[in-house]
Amino acid sequence: MKNLSAIRKQFPFTKNIIYFNHAAYGPIPLNSLKETLKYYHTLTHRLDQSTEHHSFELLDKIREIIAELINSSTDEIALTFNTSYGLNIAASGLDFKAGEEILLSDCEFPANVYPWMNLREKGVKIKFIKSENGFFSIENFIKSITSKTKLLSLSFVQFFNGYKNDLEQIGKICRKNGIIFVVDGIQGVGSSVLDVKKNQIDFLSCGGQKWLLSVPGTGFFFCSKKFLNKLKLSFFGWLGVDWKVDFTDLLRYNLKPFTSARRFEIGSYSYSNLRTFYASLKLLEKIGIPKIQRQNLALLDRLVDYLEDSPYQIKSSLEPKHRSSIFSFSAKNGKKLYEKLIKNKIIVSYREGLIRLSPHFYNTTSEIDQLIRILQKNQ
Ligand SMILES: Cc1ncc(COP(=O)(O)O)c(C=O)c1O
């Protein structure tokens, strides 16, 4: 990648460690930290300057940049606090009847399970689709559909092996069968290209704390136009209505919810967190997700080349359309190897018995080679 050394200055820890763990949490680029501190500085030293108006503009800019990122309209984006929050907006706002069925994958991250299980009290049935070797099976999905199937909720990218789902095909099946299609985007948005329109996604929820290089407490919820009026407001708050940024007459209780997804935003925002979020989104936008996707896969290619002729076992799909920036392999002494890597300041995760690697655009081939050298010694 061009300008790599300038980009790496945004990540000062790269001088000391090799960070391949973006599927766990993303680091905060230096510039995002600076922008956030400026906000705190104003609150500490310069309260004569109103931050209110400027902050509302910032919210608009964030929604715009996210809309571009996933090819939605800005009106379809609500700012949230994490993935779970958005999934709960969908789960609690849809009208479920007893006996209706929700389909989930049997190896889904729990954030995309519990909000749906909560609907069991309404008599809704949760059915888990059997995966094959940890990969979502479209065949088993089709077999699970009945006349009662109301909704499928699925991760864009699977958390422990990086399996990128074929959302386009799954979206088509959902549409054909009248099934609401919900996506948990957190393991892919920011590192893999995603198009909510092309994939006919109805709702998508995503936290900002991983590939989007923001802090926990940031995220967004996409609600497709079709559902904006249909999704019940389980929570409704004063910032879900349109004040036209005029807060001089607050005793107007007759304002209507925004027609856009802002109706799901209920009260004061974490402006400091949103400054981090915005600055990081700008960085990702500047580089471009297609380029990031290519770069991350190229880094992983180097590791795949080595692993294919090694005693280690690749556990991620190598089919191009199912590859993502998350990659896993197993080793005979996996836990020990994991500990060794950490001791050598190579930060990865150990998930479901697998070594999970999740590099981002500022990682280098030489960092991958350092990992390979340790793997060779461990053979
Ligand atoms: C697929 C997936 N969904 C959701 C989450 C996190 O959910 P939340 O943003 O609500 O903490 C994770 C990881 O932490 C994840 O891997």
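The values are calculated or read from the model by the stated rules, or taken from the named source; none is laboratory data. Note that the coordinates shown come from a computational prediction; the quantities given were computed from them, not determined experimentally. Please note: Cβ atoms are built from the backbone with ideal geometry, for glycine as well, and neighbour counts cover all protein chains shown.
For Thr44, which of the numbered conditions (1) assigned to a loop (DSSP other than H, G, I, E, B); (2) more than 21 Å from Gly208 (Cβ to Cβ) fails to hold?
That leaves (1) as the condition not met.
Kindly indicate the residue of the range 280-312 that is part of a helix (DSSP H, G or I) and of a type in the set (S, T, N, Q) and also farthest from the chain's Cα centre (by Cα) among those meeting that condition.
If we take residues in the range 280-312 being part of a helix (DSSP H, G or I) and of a type in the set (S, T, N, Q), then Gln295 is farthest from the chain's Cα centre (by Cα).
Under 30 Å from Phe235 (Cβ atoms) and in a loop (DSSP other than H, G, I, E, B), is that true of Asn254?
yes
For the subset of the range 77-89 comprising residues that are surrounded by 24 or more Cβ atoms within 10 Å (Cβ to Cβ) and among the small types (Gly, Ala, Ser), which member is nearest to the chain's Cα centre (by Cα)?
Among residues in the range 77-89 that are surrounded by 24 or more Cβ atoms within 10 Å (Cβ to Cβ) and among the small types (Gly, Ala, Ser), the one nearest to the chain's Cα centre (by Cα) is Gly86.
Please tell me if Ile355 is crowded, with 16+ Cβ neighbours inside 10 Å and assigned to a helix (DSSP H, G or I).
no
Check off (1) within 25 Å of Cys107 (Cα to Cα); (2) at pLDDT 95 or above; (3) in contact with a helix residue (DSSP H, G or I) (Cβ under 9 Å, 6 or more places away or on another chain); (4) loosely packed, with under 14 Cβ neighbours inside 10 Å for Glu319 and give me the number that stays unchecked.
Here Glu319 meets the rest and fails (3).
Name the residues in the range 197-228 that are part of a loop (DSSP other than H, G, I, E, B) and near the ligand (Cβ under 10 Å from one of its atoms), would you?
Across the range 197-228, the qualifying residues are Gly208, Gln209, Lys210, Pro216, Gly217, Thr218.
Restricting the search to the range 7-21, which residues are surrounded by fewer than 17 Cβ atoms within 10 Å (Cβ to Cβ), of a type outside the set (D, E, K, R) and closer than 24 Å to Glu285 by Cα?
Hits for the range 7-21 are Pro12, Phe13.
If you go through the range 268-275 one residue at a time, do you hit one that is touching a Gly at 6+ places or on another chain (Cβ under 8 Å), assigned by TED's automatic domain parsing to the domain that holds Asp195, crowded, with 21+ Cβ neighbours inside 10 Å and touching a residue at least 40 places away in the same chain (Cβ under 8 Å)?
Looking for residues that are touching a Gly at 6+ places or on another chain (Cβ under 8 Å), assigned by TED's automatic domain parsing to the domain that holds Asp195, crowded, with 21+ Cβ neighbours inside 10 Å and touching a residue at least 40 places away in the same chain (Cβ under 8 Å), one finds at least one in the range 268-275, hence yes.
Closer than 19 Å to Gly185 by Cα, touching a Ser or Thr at 6+ places or on another chain (Cβ under 8 Å) and in the same structural domain as Gly134 (by TED's automatic domain parsing): is that true of Leu297 in this structure?
So Leu297 does not fit the description; no.
Go through the range 66-81 and report how many residues are on the phi > 0 side of the Ramachandran plot and within 13 Å of the ligand (Cβ to nearest atom).
The qualifying residues number 0.
I'd like the residue in the range 105-128 that is closer than 19 Å to His322 by Cβ and out of contact with any Asp or Glu (no Cβ under 6 Å at 6 or more places or on another chain) and, out of all such residues, is nearest to the ligand (Cβ to nearest atom).
Among residues in the range 105-128 that are closer than 19 Å to His322 by Cβ and out of contact with any Asp or Glu (no Cβ under 6 Å at 6 or more places or on another chain), the one nearest to the ligand (Cβ to nearest atom) is Phe109.
Only one residue in Ser105, Ser84 is touching a strand residue (DSSP E or B) at 6+ places or on another chain (Cβ under 6 Å) and in the same structural domain as Leu233 (by TED's automatic domain parsing), so which one is that?
Ser105
Considering only the range 182-193, state which residues are within 17 Å of Gly26 (Cβ to Cβ) and surrounded by fewer than 24 Cβ atoms within 10 Å (Cβ to Cβ).
Ser192
Considering each residue of the range 125-150, count those that are within 22 Å of Pro115 (Cβ to Cβ) and in a strand (DSSP E or B), and give that number.
7
Assess whether Tyr338 counts as being crowded, with 19+ Cβ neighbours inside 10 Å and part of a loop (DSSP other than H, G, I, E, B).
No; evaluated as a whole, the condition is false for this residue.
Can you find a residue in the range 162-177 that is more than 27 Å from Lys321 (Cα to Cα) and surrounded by 14 or more Cβ atoms within 10 Å (Cβ to Cβ)?
For the range 162-177, residues more than 27 Å from Lys321 (Cα to Cα) and surrounded by 14 or more Cβ atoms within 10 Å (Cβ to Cβ): absent.
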